Amino acid sequence: MALNLIRKLMVSSLFCFTAASATAETFVFTAIPDEDETKLVERFKGVADYLSQELDVEVRYIPVKSYAAAVSAFRNNQVQLAWFGGLSGVQARRLVPGSEAIAQGVEDEAFQTYFIANTSTGIEPADELSALEDNLKDKTFTFGSKGSTSGRLMPGFYIRDVFGAQPDDFFSRVGFSGNHTRTLRLVEAGTYQVGALNFQVWEKELADGNIDTDAVQVIWETPPYPDYQWTIRGDVNERFGDGFKERVTEALLNLDDQALLESFPRSGFIPASNDDYEPIRKTAEEIGILD
């Protein structure tokens with residue numbers, strides 16, 4: 001009986017050790033919730049499967065409810081890799097010394113924000129934002145998430161720069177939709193008269209036939225700026241072995257599954273570095289929203 005007890009304890013100990021080892025070897029990543037959650041889960045489950053095969057480790061994607069939660073998960077080492085926007089990436093790397101931007105979409109070198117308006121406003125598209133000042137004054141306006149580069153930082157910068165006023169002072173009402181898809185739907189429905197969103201979300205929804213172009217249209221496009229990127233913690237080699245960071249980078253740069261790329265949507269991934277996002281850091285500091 002004593003022998004059986006000893007054996008059970010040994011098996012139990014072995015199971016606990018194995019479980020702990022498996023947990024330690026799981027490579028976990030997240031992404032900012034910039035679109036509907038169902039779309040994100042489908043996309044990043046595919047990325048997890050791809051990385052698991054390429055890296056020969058268990059890879060798991062965990063969704064988060066906010067941009068701040070994505071940054072916090074990265075800071076607390078709950079995730080080792082994240083698909084950030086320009087601003088959230090800058091915030092995360094400031095909080096985790098040694099972390100690096102390693103890859104960005106081809107389109108992320110020159111990203112844009114679209115200003116959109118409900119057609120009932122009568123606002124017509126213009127090449128210069130300054131030409132829209134009288135038409136935009138005192139309208140209702142929605143940003144995306146407070147932590148979004150394309151949905152808050154850059155449109156906020158141009159509103160201040162061109163109109164010389166804070167958004168709250170220029171518009172009659174300012175809101176934050178939470179993500180780009182919701183911004184589109186709110187302006188399309190007339191809940192807000194004007195809004196700003198990621199140009200890629202607009203283009204994909206348009207291509208998929210999901211926009212009522214009789215109800216909403218693009219009225220202005222920002223100049224290009226750097227945006228989304230994959231950021232990895234600097235201590236991953238210590239946990240997963242020498243050269244692991246380079247292997248992750250290579251896997252992302254070599255991702256060529258067209259269906260998976262289209263879900264981002266991106267045509268492919270190219271190398272990125274922290275220096276690429278200096279314009280975002282400087283802009284965020286200039287307008288006082290870099291935490």
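The values are calculated or read from the model by the stated rules, or taken from the named source; none is laboratory data. Predicted, not measured: the structure shown is a model, and the values here were computed from it. Because the Cβ atoms are built from the backbone with ideal geometry, glycine has one as well, and the counts that use them run over all protein chains shown. Keep in mind that these areas ignore ligands, DNA and RNA; they rest on the heavy atoms of the full protein, side chains included. Shrake-Rupley method; radii C 1.70, N 1.55, O 1.52, S 1.80 Å.
Name the single residue, out of those in the range 180-203 being in contact with a His (Cβ under 6 Å, 6 or more places away or on another chain) and assigned to a strand (DSSP E or B), that is nearest to residue 107 (Cα to Cα).
Step one: of the range 180-203, the residues in contact with a His (Cβ under 6 Å, 6 or more places away or on another chain) are 197-198, 201.
Restricting the remaining residues to those that are assigned to a strand (DSSP E or B) gives 197-198.
Values: 197: 15, 198: 12 Å.
Only one residue fits best here, namely 198.
Examine the range 42-49 for a residue that is over 26 Å from residue 205 (Cα atoms) and among the basic types (Lys, Arg), and state whether such a residue exists. No, the conditions are met nowhere in the range 42-49.
Hey, any hits in the range 220-240 for a residue that's among the small types (Gly, Ala, Ser) and under 16 Å from residue 155 (Cβ atoms)?
Step one: of the range 220-240, the residues among the small types (Gly, Ala, Ser) are 234.
Applying the additional criterion that residues be under 16 Å from residue 155 (Cβ atoms) yields none.
There is no residue in the range 220-240 that is among the small types (Gly, Ala, Ser) and under 16 Å from residue 155 (Cβ atoms).
If the condition is being under 22 Å from residue 253 (Cα atoms), open to solvent by 40 Å² or more (accessible area, probe 1.4 Å) and touching a helix residue (DSSP H, G or I) at 6+ places or on another chain (Cβ under 7 Å), then the range 51-80 contributes 54, 58, 60. Answer yes or no as to whether residue 92 is of a type outside the set (Val, Ile, Thr), part of a loop (DSSP other than H, G, I, E, B) and open to solvent by less than 30 Å² (accessible area, probe 1.4 Å). For residue 92, the condition - of a type outside the set (Val, Ile, Thr), part of a loop (DSSP other than H, G, I, E, B) and open to solvent by less than 30 Å² (accessible area, probe 1.4 Å) - is not met.
Suppose we filter the range 95-113 for residues that are buried (at least 22 other Cβ atoms within 10 Å of the Cβ) and under 16 Å from the mean Cα position of the chain (by Cα); how many remain? Steps first, answer last, please.
Of all residues in the range 95-113, those buried (at least 22 other Cβ atoms within 10 Å of the Cβ) come to 99, 101-105, 108, 111, 113.
Still in the list and also under 16 Å from the mean Cα position of the chain (by Cα): 101-105, 108, 111, 113.
Residues in the range 95-113 being buried (at least 22 other Cβ atoms within 10 Å of the Cβ) and under 16 Å from the mean Cα position of the chain (by Cα): 8 in total.
Counting the residues of the range 130-151 that are open to solvent by 50 Å² or more (accessible area, probe 1.4 Å) and either within 17 Å of residue 277 (Cα to Cα) or without any contact (Cβ under 8 Å) to a residue 40 or more places away in the chain (or both) gives 7.
Among the residues making up the range 194-203, those that are crowded, with 18+ Cβ neighbours inside 10 Å and in contact with a Pro (Cβ under 8 Å, 6 or more places away or on another chain) are 196, 200.
Kindly check whether there is at least one residue in the range 122-145 that is closer than 14 Å to residue 225 by Cβ and modelled with pLDDT of 95 or more. No, because not a single residue in the range 122-145 is closer than 14 Å to residue 225 by Cβ and modelled with pLDDT of 95 or more. Assess whether residue 153 counts as being in a helix (DSSP H, G or I) and either within 16 Å of residue 287 (Cβ to Cβ) or of a type in the set (A, V, I, L, M, F, W, C) (or both). For residue 153, the condition - in a helix (DSSP H, G or I) and either within 16 Å of residue 287 (Cβ to Cβ) or of a type in the set (A, V, I, L, M, F, W, C) (or both) - is met.
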